[in-house]
1. Taking the conditions exactly as written (free of Cβ contacts under 8 Å to residues at least 24 places away in the same chain and either more than 30 Å from A:S242 (Cα to Cα) or not assigned by TED's automatic domain parsing to the domain that holds A:Y351 (or both)), does A:R89 satisfy them or not?
2. Given the options B:S310, B:S291, name the one that is on the phi < 0 side of the Ramachandran plot, touching a His at 6+ places or on another chain (Cβ under 6 Å) and of a type in the set (G, A, S).
3. Sort out which residues of region A:368-388 are free of Cβ contacts under 8 Å to residues at least 60 places away in the same chain and among the polar types (S, T, N, Q), and write them in order of number.
4. Output the residues belonging to region B:251-262 that are at pLDDT 95 or above and buried (at least 20 other Cβ atoms within 10 Å of the Cβ).
5. Among the listed residues B:E104, B:E93, B:E67, identify the single one that is under 17 Å from B:Q12 (Cβ atoms) and surrounded by fewer than 24 Cβ atoms within 10 Å (Cβ to Cβ).
6. With the checklist (1) closer than 27 Å to A:K183 by Cα; (2) among the hydrophobic types (A, V, I, L, M, F, W, C); (3) buried (at least 21 other Cβ atoms within 10 Å of the Cβ); (4) touching a residue at least 60 places away in the same chain (Cβ under 8 Å) in hand, flag the one item A:A196 doesn't pass.
7. Please return the ranges of helices (runs of 4 or more DSSP H) entirely within region B:63-135 where 1 or more residues are of a type in the set (S, T, Y).
8. Return yes when B:N147 is closer than 22 Å to B:V370 by Cα and either of a type outside the set (A, V, I, L, M, F, W, C) or within 12 Å of another protein chain (Cβ to nearest Cβ) (or both) and no when it is not.
Number of protein chains: 2
Amino acid sequence: MSNEKRNVIVGQSGGPTAAINSSLAGVYRTARDRGYKKVYGMEHGIQGLLEGRYIDLSEHIQTGLDEELLKRTPSAYLGTCRFKLPEIRDNQELYDKIFAKLDELEIDCFIYIGGNDSMDTIKKLYDYSILNGSNIRFVGCPKTIDNDLAHTDHTPGYGSAAKYIGTSIKEIIRDSWALEVEKGQVIVVEIMGRNAGWLTGAAVLAKGEDCGGPDAIYLPELPFDVNDFIAKCKNLLSKKRSVVIAVSEGIHTADGKYISELGEGSEGYVDAFGHKQLTGTARYLCSVIASEIGCKTRAIEFSTLQRAASHSASRVDILEAYEIGGAALKAADEGDSGKMVVFTRLSDDPYQCGTEVKDVHKIANDERMVPREWITEDGTYVTDEFVTYVRPLIQGDVNPIMVDGIPRHLYKTGYQHMG
Amino acid sequence: MSNEKRNVIVGQSGGPTAAINSSLAGVYRTARDRGYKKVYGMEHGIQGLLEGRYIDLSEHIQTGLDEELLKRTPSAYLGTCRFKLPEIRDNQELYDKIFAKLDELEIDCFIYIGGNDSMDTIKKLYDYSILNGSNIRFVGCPKTIDNDLAHTDHTPGYGSAAKYIGTSIKEIIRDSWALEVEKGQVIVVEIMGRNAGWLTGAAVLAKGEDCGGPDAIYLPELPFDVNDFIAKCKNLLSKKRSVVIAVSEGIHTADGKYISELGEGSEGYVDAFGHKQLTGTARYLCSVIASEIGCKTRAIEFSTLQRAASHSASRVDILEAYEIGGAALKAADEGDSGKMVVFTRLSDDPYQCGTEVKDVHKIANDERMVPREWITEDGTYVTDEFVTYVRPLIQGDVNPIMVDGIPRHLYKTGYQHMG
């Protein structure tokens, strides 16, 4: 390898977030600042690269304003994929194809922004580079709203989703008190995170000097009992007339059955076209409350809004995502490979957080759950420790760049991506 | 009546919005500025007043900061009701009771902030004041996210809901392009407004230089045909792999049956507890798409978020709501009664809008629909005229007052309202 720097390629993978493009901007800016010639972007991650789909980012990100817009654009500018590389021994040809493409593009650094599966991709590509003597450096940059990546204090994307959830739950609680409902009402809000309750726990952020917060929070880390839930609702309704409860989409019974699957009774949820439908978790629980208690109910799902709501992003999250993108490129530039950059928290108050480089072999495919001691004994709320952990991650705002009353995004010209 | 000013009473009624508290702040501020002694607030509207529930607002709104917080607080600070006054001839006692209470509180001006039903309340109270020779002046102040009040250019609350809908639809579209879905996907977003399509039409605001906007918009003003809808989806999927469609919760077939009712096939949607459920409009349409086309679908409901999202309120809306609250009090102060204040648009570009006072007898119980000519010929979109109408109403932002990363609200101390 000569000392002259050649090119960088970057990809995005997995579920979109409000912060993944800020990491992309960080990779791009740092690559330019450190003297790389070109920064290529894979379209739809490694899958797109295999199909020869990539762009020269400098043709698309031309001004400082473009970079600012990119940091404020949700989803994934380059597109993502859910492609898992096979084991090297099972398909060496595929690896040869990838490395031939990388050599053709004169790549020195390969940065992949994503969650668990993406770190698995980094690990395998690195392992193959050792086998075939390539000098390309492979570094992963974390991302997921689920916050379930091991060995990092938190993941970019989580803070903005948490802020959206806290804000929206508070607005729902406020709204629920406007009208007096005879016999009371129960509102069940369903939040993403199938196995880890980090997002659902963020509902606690609605609580403050001006709001009591949700009345109960159910994480998927603990088994869920429908009868206990109904008893809890009855108890709450005996004290107040409007009850708001946050549940994870992934709550399940002690024997591992998702609550969302319980709706399929012997008669089944079958529509007029004979199509069997799985009802949502919140919807199912509302139907049980309605029949067991007889009060008004409302099921609310945040759906993709919780991962895409750039308009209420956390400043800490967006800036940290930018920084860690830069840190990933810096690590690769300085010779690291087979690594992931992670956040290490130095202090809660004042909040201080730095980045470190860790061996990706220790990280890939490891899910991190909310610790048992951060959930209350009775399993219906999160503790103050949880709040202390999450509160710094939602601080500050990133004002959208508004055009004609609506946030402006950066989109890839000449591409269907525009929508 | 002596020339010395006595007291004012104000109430809120109907569905909550992001702007109704700004109107309350406008009434309060103008009443203080014009020299009224006390400003009472009915708790839960006329229904609460009948039960003797009211507060002295000056005990709760003590500082300029309180007023600013009130303008930024969604829901309804005083609480609302859906209470319709009987005809005077059917229950004169009830009216005597109300007027006795108003006399006891030494009320000169009675301001009611609400939608159609609230204007009916103003009309009846005014009529009774003529019958019994009372000098109390009754003035209505419009409010509804549905924007379906007649004789006013628009209603406070609509602009903020429209801005939230445009922003969120854009974020959903952006998000939908991140992952490539085999066979494509259709996302159906369900929006409030049972009879009038003003809110659903606002989905068009996602469209701009950086976004193609939703692919189709279905308002409740026109009959909905499920087969045409499926054909439209197929056609769209032949051109692009991610389709986003906005539908009103109130779309219905030509013979008046709500689409949300079609899910009840002969087998019925019955859950494990034997409780019959109405599926949502978007959910039903997604089930039809899944069975007829076989692609991935996602149903999204904005639910109460669209009326409560103060964190993305429109500045024009919040300021106009404040102004029209003040204008209502001013009208009553200057002797008007049996009136509603309305917006009259003087110009689209530059946007200019003033307030006028109209006879409430002409307004009550009159629903205003989206004009046929503002919907495209084929009924699957809104026209540029619609955009020209709504665009000025979403301009500008009202920065939330953030405390610890979450918007701060004003809540009534000593009241369950806190949630």
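1. Numbers: free of Cβ contacts under 8 Å to residues at least 24 places away in the same chain: yes; either more than 30 Å from A:S242 (Cα to Cα) or not assigned by TED's automatic domain parsing to the domain that holds A:Y351 (or both): yes.
Yes, satisfied.
2. Values: B:S310 fails: touching a His at 6+ places or on another chain (Cβ under 6 Å).
Of B:S310, B:S291, the one residue that is on the phi < 0 side of the Ramachandran plot, touching a His at 6+ places or on another chain (Cβ under 6 Å) and of a type in the set (G, A, S) is B:S291.
3. Taking region A:368-388 and keeping what is free of Cβ contacts under 8 Å to residues at least 60 places away in the same chain, we get A:371, A:373, A:376-378, A:383-385, A:388.
Scanning region A:368-388 gives A:T376, A:T383, A:T388.
4. B:I251, B:H252
5. Numbers: B:E104 fails: under 17 Å from B:Q12 (Cβ atoms); B:E93 fails: under 17 Å from B:Q12 (Cβ atoms).
One residue alone meets the criteria, B:E67.
6. The single condition A:A196 does not satisfy is (1).
7. On the way: elements: B:64-71, B:92-104, B:116-132.
Helices (runs of 4 or more DSSP H) meeting the threshold: B:92-104, B:116-132.
8. Working: closer than 22 Å to B:V370 by Cα: yes; either of a type outside the set (A, V, I, L, M, F, W, C) or within 12 Å of another protein chain (Cβ to nearest Cβ) (or both): yes.
Yes.
The values are calculated or read from the model by the stated rules, or taken from the named source; none is laboratory data. Note that the coordinates shown come from a computational prediction; the quantities given were computed from them, not determined experimentally. We place every Cβ from the backbone using ideal geometry, glycine too, and count neighbours over all the protein chains shown.
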